[in-house]
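To start, I am sharing the structure in question, which I have written as structure tokens.
The values are calculated or read from the model by the stated rules, or taken from the named source; none is laboratory data. Remember, it's a predicted structure, so these values are computed and weren't measured experimentally. Here the Cβ positions follow ideal geometry from the backbone for every residue, glycine too, while neighbour counts run over all protein chains shown. Each accessible area value is taken on the protein alone, full model and side chains, heavy atoms only, with ligands, DNA and RNA left out. Shrake-Rupley method; radii C 1.70, N 1.55, O 1.52, S 1.80 Å.
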Amino acid sequence: MRNLVIVLGDQLDPSSSAFDGFDPAVDAVWMAEVRGEGTYVWSHKARIALFLSAMRHFRDRLRDAGVPVHYTELDASGNSGSLREELGRALRSLRPERAVAAHPGEWRVREELRSAARECAVPLEERPDRHFLCPPGEFARHAASRKQLRMEFFYREIRRRLGVLMEDGQPAGGTWNLDPENRRSFGREGPGEIPPPLQFPPDDVTREVIALVEREFPDHPGSLARFDWPVTPGQARQALEDFVTHRLPLFGPYQDAMWTAQPFLYHSRLSSSLNLKLLSPLEAVRAAESAWRDGRVPLASAEGFIRQIIGWREYVRGVYWLLMPEDADRNALDSQCGLPGFYWTGHTEAECLRQVILQTLEYGYAHHIQRLMVTGLFALLLGVDPRKVHEWYLAVYVDAVEWVELPNTLGMSQYADGGVMASKPYCASGRYIQRMSDYCRSCRFDPAKASGPDGCPFTVLYRDFLLRNAAALQHNPRMTMQMRNAGRWTEEERLHIRREADRLRSKFAV
Ligand code: FAD
Ligand code: SF4
């Protein structure tokens, strides 16, 4: 054998650089389902099922095209459950001249591939991952040229380079970022009828995987009853078309809004397809741009969606590879609490947390503001150890892959990187959740109250957060107003705030 091409569960793209020059007469593909990838964090059942189903569909497609594939199923006899050991076993028995892989998405996995190849004395050729629009080297150069990293400047560079939403060298509509038009809530009347996203009911392959996951991971969190995620490139493309036609027009204005029992609203649900490489980010971006150019979608919505993909998505990947492995251990606010147990059950009286966590367990999905400004915000205000928060986010979402999850959690949501990802902590009281959702209407707490039995836990902990972190935040120009208000609290008020926060911490046993 000449090349053994390693395909990982989040590299399911036949046009990947790993296949460049592939010759089925002398090359072969290696793929393995390993238990360790579902247990190194306590993975949601739907996350495991999605990876395995998409992998099996990819394997079948390659085999149909005449590509030899060495594939180990999760319950195959002799499967050690470890990526490194399974790869080592394959390298020792197949003795290829070299192993070839596209750049893995996760630092830990890259180390495992490298050490398996080293132990077997097989050279490992790592090729660039062409799925992404900005290679890590280009990001590193961008970072080196700036005193401070900010997504907005990076986004402009990428948009200029790709010519996306550009007119005569200028941003379409005369401005780069239309976020100010994109922060609407639904108002008392609620969102009304929203065209539901296209569903992909499990086929035979997925049904088999679902049974396997129920059998092999019975005590893992989450449900498989609603599993309907795209598992092939064809389905991912249909999901994109459905989104662009039916929900992109109102994606922009309502992207920050939340509503009871409405998990998806105007969101695309494309993150898992993008992260598994079933869908190309450029295809998604071009589809949104064309819809705007054809007059089917307002500019604010097209720009808002495109910024998430060529802005945030590429930016967080750049930050990940720039700062790993040290980034994973940062804890700038020295937060040390444990994660409350209700994150795994949804059993809490706080209605916003209950809604978002139950939805997460049911679908393996929550949209960005639910992750950032409900579950993430609560952990930030409570002072949960960022590693524990990271492990939860990596476990419970179907789209969770470390390169995108870690900077979002540690950086954007928990401010554990001290301001690399975000210029200020995303901290707020329950008033923010009240403004952006209807959750508070049916909650037993009052978002305006910062103490007493009906004091909103977010509002109580928000004040305590400002006090606890005054030294770290008082010179942050974007926190001036909040810190000035906190500075006016009397010593007696401060004592009261601390006492209320301690009461909550002991209630959550953290
Ligand atoms: P839409 O709202 O429709 O957005 C469109 C696309 O833009 C998404 O599919 C996604 O690919 C991209 N995108 C949007 N926001 C971000 C962002 N902040 N970073 C990177 N890409 C973005 N996203 C993941 O893909 N995997 C994760 O593990 C993940 N963990 C997160 C953890 C936290 C604490 C937070 C705050 C955000 C996280 N995100 C993660 C980003 C974002 O929440 C999800 O990408 C989004 O909710 C997926 O739903 P959607 O496809 O309907 O997104
Ligand atoms: Fe959440 Fe507080 Fe509103 Fe209840 S009152 S839903 S806890 S923000």
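Output the number of the condition that Ser223 fails; it satisfies all remaining conditions of (1) open to solvent by less than 20 Å² (accessible area, probe 1.4 Å); (2) on the phi < 0 side of the Ramachandran plot.
(1)
How many of the residues in region 86-137 are over 18 Å from Asp27 (Cβ atoms), among the basic types (Lys, Arg) and touching a helix residue (DSSP H, G or I) at 6+ places or on another chain (Cβ under 6 Å)?
1
List pairs: first residue in region 236-256 and modelled with pLDDT of 95 or more, second residue within 11 Å of ligand 1 (Cβ to nearest atom) and charged (D, E, K, R) anywhere in the structure, Cβ distance under 7 angstrom, at least six positions apart or on different chains.
From region 236-256, the pairs are Ala239/Arg269.
Please specify each residue of region 106-138 satisfying the condition of being at pLDDT below 95 and small (Gly, Ala, Ser).
Gly137
Mind listing whichever residues of region 354-373 are buried (at least 23 other Cβ atoms within 10 Å of the Cβ) and over 18 Å from the mean Cα position of the chain (by Cα)?
Gln355
Here's something else I'd like to know. Check region 200-207 and report whether any residue there is open to solvent by 30 Å² or more (accessible area, probe 1.4 Å) and among the aliphatic types (A, V, I, L, M).
Yes, some residue in region 200-207 is open to solvent by 30 Å² or more (accessible area, probe 1.4 Å) and among the aliphatic types (A, V, I, L, M).
Please state which of the following conditions Tyr343 fails to meet, knowing it meets all the rest: (1) within 24 Å of Val401 (Cα to Cα); (2) part of a helix (DSSP H, G or I); (3) more than 16 Å from ligand 2 (Cβ to nearest atom).
Result: Tyr343 passes all but (3).
Whether any residue in region 264-276 is more than 17 Å from the chain's Cα centre (by Cα), aromatic (Phe, Trp, Tyr) and open to solvent by less than 40 Å² (accessible area, probe 1.4 Å) is what I want to check.
The answer is yes, given that some residue of region 264-276 is more than 17 Å from the chain's Cα centre (by Cα), aromatic (Phe, Trp, Tyr) and open to solvent by less than 40 Å² (accessible area, probe 1.4 Å).
Here's another thing I want to ask about it. Given the conditions (1) of a type outside the set (Val, Ile, Thr); (2) within 12 Å of ligand 1 (Cβ to nearest atom); (3) open to solvent by less than 10 Å² (accessible area, probe 1.4 Å), and given that Pro425 satisfies all but one, which numbered condition is not satisfied?
The number of the failed condition is (2).
Let me ask another. In the set Glu314, Glu289, Glu326, which member is of a type in the set (D, E, K, R), in contact (Cβ under 8 Å) with a residue 24 or more places away in the chain and more than 10 Å from ligand 1 (Cβ to nearest atom)?
Glu289
Listed residues Ser335, Ser290; which is part of a loop (DSSP other than H, G, I, E, B), open to solvent by 10 Å² or more (accessible area, probe 1.4 Å) and either of a type in the set (Ser, Thr, Tyr) or farther than 28 Å from Ala501 by Cβ (or both)?
Result of the check over Ser335, Ser290: Ser335.
So, one more: May I ask you to verify whether Ala350 is under 30 Å from Ala472 (Cα atoms), over 17 Å from the mean Cα position of the chain (by Cα) and within 16 Å of ligand 2 (Cβ to nearest atom)?
Against the criterion (under 30 Å from Ala472 (Cα atoms), over 17 Å from the mean Cα position of the chain (by Cα) and within 16 Å of ligand 2 (Cβ to nearest atom)), Ala350 qualifies.
Separate question: Could you check, for region 445-465, whether at least one of its residues is under 28 Å from Ala46 (Cα atoms) and more than 15 Å from ligand 1 (Cβ to nearest atom)?
No, region 445-465 has no match at all.
Restricting attention to region 163-207, which residues are in a strand (DSSP E or B) and touching a residue at least 12 places away in the same chain (Cβ under 8 Å)?
The one that is in a strand (DSSP E or B) and touching a residue at least 12 places away in the same chain (Cβ under 8 Å): Pro171.
Do we find a residue being within 30 Å of Trp42 (Cβ to Cβ) and touching a Leu at 6+ places or on another chain (Cβ under 7 Å) anywhere in region 245-267?
Yes, because at least one residue in region 245-267 is within 30 Å of Trp42 (Cβ to Cβ) and touching a Leu at 6+ places or on another chain (Cβ under 7 Å).
Find all pairs meeting these conditions: Cβ atoms under 7 angstrom apart; at least six residues apart or on different chains; first residue within region 432-448 and in contact (Cβ under 8 Å) with a residue 24 or more places away in the chain; second residue near ligand 2 (Cβ under 6 Å from one of its atoms) and outside any helix (DSSP H, G or I).
Filtered contacts from region 432-448: Ile433/Pro447; Cys440/Pro447; Cys443/Ala350; Phe445/Ala350; Phe445/Cys456.
Name every residue in region 100-111 that is under 21 Å from Met1 (Cβ atoms) and part of a helix (DSSP H, G or I), in order of residue number.
none
How many residues does region 58-94 contain that are open to solvent by 30 Å² or more (accessible area, probe 1.4 Å), in contact (Cβ under 8 Å) with a residue 24 or more places away in the chain, assigned to a helix (DSSP H, G or I) and not basic (Lys, Arg)?
Selection size over region 58-94: 3.
Mind telling me which of the residues Glu112, Glu214, Glu157 ends up being farther than 22 Å from Trp312 by Cβ and open to solvent by 50 Å² or more (accessible area, probe 1.4 Å)?
Glu214
Table: residues versus (1) of a type in the set (D, E, K, R); (2) under 16 Å from Trp312 (Cα atoms).
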{"residue": "Pro386", "(1), (2)": "no, no"}
{"residue": "His390", "(1), (2)": "no, no"}
{"residue": "Ala395", "(1), (2)": "no, no"}
{"residue": "Glu402", "(1), (2)": "yes, yes"}
{"residue": "Glu405", "(1), (2)": "yes, yes"}
{"residue": "Thr409", "(1), (2)": "no, yes"}
{"residue": "Ser413", "(1), (2)": "no, yes"}
{"residue": "Val420", "(1), (2)": "no, yes"}
{"residue": "Lys424", "(1), (2)": "yes, no"}
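Still on this structure: Residue by residue through region 11-57, note down the ones that are in a helix (DSSP H, G or I), β-branched (Val, Ile, Thr) and open to solvent by less than 20 Å² (accessible area, probe 1.4 Å).
Answer for region 11-57, where residues must be in a helix (DSSP H, G or I), β-branched (Val, Ile, Thr) and open to solvent by less than 20 Å² (accessible area, probe 1.4 Å): just Ile48.
Here's something else I'd like to know. Identify the single condition in (1) under 23 Å from Gln262 (Cα atoms); (2) touching a Ser or Thr at 6+ places or on another chain (Cβ under 7 Å); (3) more than 16 Å from ligand 2 (Cβ to nearest atom) that Pro386 does not satisfy, given that it satisfies every other one.
Only one criterion is unmet by Pro386, namely (1).
Next up: Quick one: which helices (runs of 4 or more DSSP H) sit completely within region 417-491 and have at least 3 residues that are away from ligand 2 (no atom under 16 Å from the Cβ) and not β-branched (Val, Ile, Thr)?
457-468, 470-473, 480-487
For Phe132, indicate whether it is assigned to a helix (DSSP H, G or I) and crowded, with 17+ Cβ neighbours inside 10 Å.
Here the answer is no, as Phe132 does not meet what is asked.
I'd like to know if region 230-252 contains one or more residues that are open to solvent by less than 20 Å² (accessible area, probe 1.4 Å) and more than 13 Å from ligand 1 (Cβ to nearest atom).
yes
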